[in-house]
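See structure below.
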Amino acid sequence: MSLAPVPVTAGGRRKSPPRSRAPGEPRRIGYLFILPAVLVYAGFVFAPFLHSIYLSFFEGNGITRMEFVGVANYVDIATNPVLRSAFIHALELIVFYSIIPIAIGLLLASVLHRSRIRGVAFYRTALFLPYVIAPTAIAVIWRWILAPRGPLNSFLEAVGLGALATPWLGDFTWALPSVGLVGTWVMFGLALALLLAGAQKIPLELYEAVRLDGGGLWTEFRAVTLPGLRYEIVVALVLTTTAALRNFDIIYVMTSGGPGNATVVPSYLVYQQAFKVAQIGAAAAMGTVLILAIVGVNLLITRMARGSS
Amino acid sequence: MIARRDVILGYVLLSLAALISLGPLLGVMILALGEPGRIGINLDIANATNFGNFADVWEKGDFGPAIRTSFIITSVVVVVSVILSVPAGYAIALMDFPGRSAIFALLILGILMPLESMIVPLFLDMRRFNLDNNYWSVILPQVGFSVAFGVFWMRAFFVQSARSLVEAAWIDGANSWQTLTRVLVPLARPQMLTLAVLFFVWNWNDFLLPLVMLSGSDLQTAPMALVTFEGARRTDFAYLGAASIITIIPVVIVFILLQRSFTRGILAGSIKE
């Protein structure tokens, strides 16, 4: 990009560039520029958001008259064990979608930071690929891998661990971790690629300074790697926790919330209550709590990042 | 100083990670060429020659019309969303008008809002206006969610890099529209490409919205066709592998060709202030 010309006023005097204000005089024509985007956004994102909050105070099927029930739907979410378990499952999925991938990414990035790798493009493509392809297809692929007679169980038998083979997705204990493992597979490459890109930018001198001070690997990690990757960690946390909380496609295809209710998650219950049992209000309340959860988690992450800076 | 040992270790670990990422996808490619209808589902590389599986699946799973529907919906969403995001991002970045920050804050909120939460009112509203079961019921909400990110992304670019250029153009007497189309759009091409790639990937892969909106019609998108096909043939894994590949191949091609644009979007676009 070439150097921008210095703006000069008619009198030939240098005009100091305003820092926080928009340049020039107020331009009300700006409204015209934002109008189309704002209209579509308001009509198809924001209005449904408000409508959803409104609906959450009613009970009914959405076709006949809805009955006002106050906060009953929210009380249900707090007290009904199945509804509540959906949010507990979502939190457990955060461990698999976020914590484990980022931990793996940090470990590898701190090992690899010194070996400035060439040919990163190939690795990056490979690592990002699971994140790019349709979750529905990922679900189909992993339903095959985890099938009772699928590749995972065959592999376990081949290496003499046949006793561990189990119908993963049909097992009350293993279904949720199995679905979580799919999330780990999708997210670890993303986290690793992000953190590696960040780690390559940390100056090697910082590590040498720690060495000279007699610091070990742990000190290097705490004092250099972790602070140096703060921004990348926040990006990875935001992307992965949001994906964990929103997760619908993988549950829908792989388990439909089963066996029993072992893998129900909030977005799946929103769908099920609205379109299978026609409990519009309950579904809307579930959706509203999900929004609050996602916004809350994101605020927490950015707050933490700011606090540690 | 970089020790040779470290470099080798680096390549070994990264190759292992890449193998874990690609392994299941390579497995599916072999699976998809296996003998169809066999319940035994273990990979048999020697006999992975059933290229006809793709033609069979294309036919039996109605993938032709589904891919077409996905292409129509996704291209309209990508083009419209980019066209709406650029001027809005420009105005919010560089013009001064009452309510500017408030509008921007509301748009930002949309980046966080999960479509999953809004699916119920979206469906009720579409049905009320008789828009359900046609392309628009999917396109309009997808554009709405896309512009939330798009405006944010374009604003970030214009704020950083365009202020002095814009001032110069305005002083030269260019009006706001000319400044945008003649000065800024040529400058912002890479950012617009990144947006287009992100929008393409997100909206092609979207499943819940078309599932809900199009369920009462003959229309289905590629992911919907995959899931329908999967529901009908739970254990016919060779066919399911082929169907998965058909569904993901357009996105994989776009991603590999425009990898840089995509990565830049994920790396820089997710947050920042």
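Picking from A:Val235, A:Val210, A:Val224, which residue would you name as being farther than 22 Å from A:Ala147 by Cβ and within 9 Å of chain B (Cβ to nearest Cβ)?
Answer to the selection: A:Val235.
Conditions (1) within 22 Å of the chain's Cα centre (by Cα); (2) part of a helix (DSSP H, G or I); (3) assigned by TED's automatic domain parsing to the domain that holds B:Val147, marked per residue:
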site: B:Ile30; (1), (2), (3): no, yes, no
site: B:Glu35; (1), (2), (3): no, no, no
site: B:Leu43; (1), (2), (3): no, no, no
site: B:Ala66; (1), (2), (3): yes, yes, yes
site: B:Ile72; (1), (2), (3): yes, yes, yes
site: B:Ser75; (1), (2), (3): yes, yes, yes
site: B:Val79; (1), (2), (3): yes, yes, yes
site: B:Ile83; (1), (2), (3): yes, yes, yes
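When you check B:Gly110 against the structure, is it more than 14 Å from B:Val212 (Cβ to Cβ) and surrounded by 20 or more Cβ atoms within 10 Å (Cβ to Cβ), yes or no? Outline the logic, then answer.
Details: more than 14 Å from B:Val212 (Cβ to Cβ): yes; surrounded by 20 or more Cβ atoms within 10 Å (Cβ to Cβ): yes.
Against the criterion (more than 14 Å from B:Val212 (Cβ to Cβ) and surrounded by 20 or more Cβ atoms within 10 Å (Cβ to Cβ)), B:Gly110 qualifies.
Please give the number of the condition B:Ile256 fails out of (1) more than 7 Å from every other protein chain (Cβ to nearest Cβ); (2) surrounded by fewer than 23 Cβ atoms within 10 Å (Cβ to Cβ); (3) not in a loop (DSSP other than H, G, I, E, B).
(1)
Could you count how many residues in segment A:218-230 are in contact (Cβ under 8 Å) with a residue 12 or more places away in the chain and surrounded by fewer than 12 Cβ atoms within 10 Å (Cβ to Cβ)?
So the count comes out to 0.
Matching residues to (1) part of a helix (DSSP H, G or I); (2) touching a Lys or Arg at 6+ places or on another chain (Cβ under 8 Å); (3) among the hydrophobic types (A, V, I, L, M, F, W, C):
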{"residue": "B:Ser164", "(1), (2), (3)": "yes, no, no"}
{"residue": "B:Glu167", "(1), (2), (3)": "yes, yes, no"}
{"residue": "B:Trp170", "(1), (2), (3)": "yes, no, yes"}
{"residue": "B:Leu184", "(1), (2), (3)": "yes, no, yes"}
{"residue": "B:Val201", "(1), (2), (3)": "yes, no, yes"}
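Only residues that are under 16 Å from A:Leu292 (Cα atoms), hydrophobic (A, V, I, L, M, F, W, C) and in a helix (DSSP H, G or I): list them for segment B:87-135, please. Full working, then the answer.
Going through segment B:87-135, the residues under 16 Å from A:Leu292 (Cα atoms) turn out to be B:106, B:108-119.
Imposing the further condition that a residue be hydrophobic (A, V, I, L, M, F, W, C) reduces the set to B:106, B:108-109, B:111-113, B:115, B:118-119.
The answer is B:Leu106, B:Ile108, B:Leu109, B:Ile111, B:Leu112, B:Leu115, B:Met118, B:Ile119.
Collect the residues in segment B:117-167 that are within 10 Å of another protein chain (Cβ to nearest Cβ) and of a type in the set (Asp, Glu), keeping them in residue-number order.
B:Asp125, B:Glu167
Which residue out of A:Ala305, A:Ala244, A:Ala262, A:Ala284 is assigned to a helix (DSSP H, G or I), aliphatic (A, V, I, L, M), surrounded by fewer than 23 Cβ atoms within 10 Å (Cβ to Cβ) and in contact (Cβ under 8 Å) with a residue 24 or more places away in the chain?
The unique qualifying residue is A:Ala305.
How about segment B:203-214: which of its residues are touching a residue at least 24 places away in the same chain (Cβ under 8 Å) and within 10 Å of chain A (Cβ to nearest Cβ)?
The initial filter retains those residues of segment B:203-214 that are touching a residue at least 24 places away in the same chain (Cβ under 8 Å), namely B:203-206, B:208-210, B:212-214.
Listed by number, the residues that qualify are B:Trp204, B:Asn205, B:Asp206, B:Leu208, B:Val212.
For segment A:238-270, which residues satisfy the criterion of being closer than 22 Å to A:Val75 by Cβ and within 7 Å of another protein chain (Cβ to nearest Cβ)?
A:Ser267, A:Val270 - these are the residues of segment A:238-270 that are closer than 22 Å to A:Val75 by Cβ and within 7 Å of another protein chain (Cβ to nearest Cβ).
Cβ-Cβ distance below 7 Å, separation of 6 or more or different chains: which pairs start in segment B:10-28 with a residue that is hydroxyl-bearing (Ser, Thr, Tyr) and end on one that is in a helix (DSSP H, G or I)?
Every condition considered, the pairs that remain are B:Ser21/A:Ala126; B:Ser21/A:Leu127; B:Ser21/A:Leu129; B:Ser21/A:Pro130; B:Ser21/A:Gly189.
Has segment B:172-188 got any residue that is within 11 Å of chain A (Cβ to nearest Cβ), charged (D, E, K, R) and crowded, with 23+ Cβ neighbours inside 10 Å?
Checked segment B:172-188: no residue is within 11 Å of chain A (Cβ to nearest Cβ), charged (D, E, K, R) and crowded, with 23+ Cβ neighbours inside 10 Å.
I'd like to check which helices (runs of 4 or more DSSP H) are fully inside segment A:120-204 and have at least 2 residues that are free of Cβ contacts under 8 Å to residues at least 40 places away in the same chain and surrounded by fewer than 22 Cβ atoms within 10 Å (Cβ to Cβ).
A:120-132, A:151-158
Which condition does A:Phe122 not pass, out of (1) in contact with a Gly (Cβ under 8 Å, 6 or more places away or on another chain); (2) within 22 Å of B:Ile8 (Cα to Cα), if it passes all the others?
(1)
B:Ala174 passes all but one of (1) in contact (Cβ under 8 Å) with a residue 12 or more places away in the chain; (2) touching a Lys or Arg at 6+ places or on another chain (Cβ under 9 Å); which number fails?
B:Ala174 satisfies every listed condition except (1).
Within segment B:215-253, work out how many residues are at the interface with another protein chain (Cβ under 8 Å from one of its Cβ atoms), without any contact (Cβ under 8 Å) to a residue 24 or more places away in the chain and within 15 Å of the chain's Cα centre (by Cα).
Going through segment B:215-253 one residue at a time, the tally reaches 2.
The values are calculated or read from the model by the stated rules, or taken from the named source; none is laboratory data. Model, not experiment: these values are computed from the prediction. Note: ideal-geometry Cβ built from the backbone for every residue, glycine included; neighbour counts use all protein chains shown.
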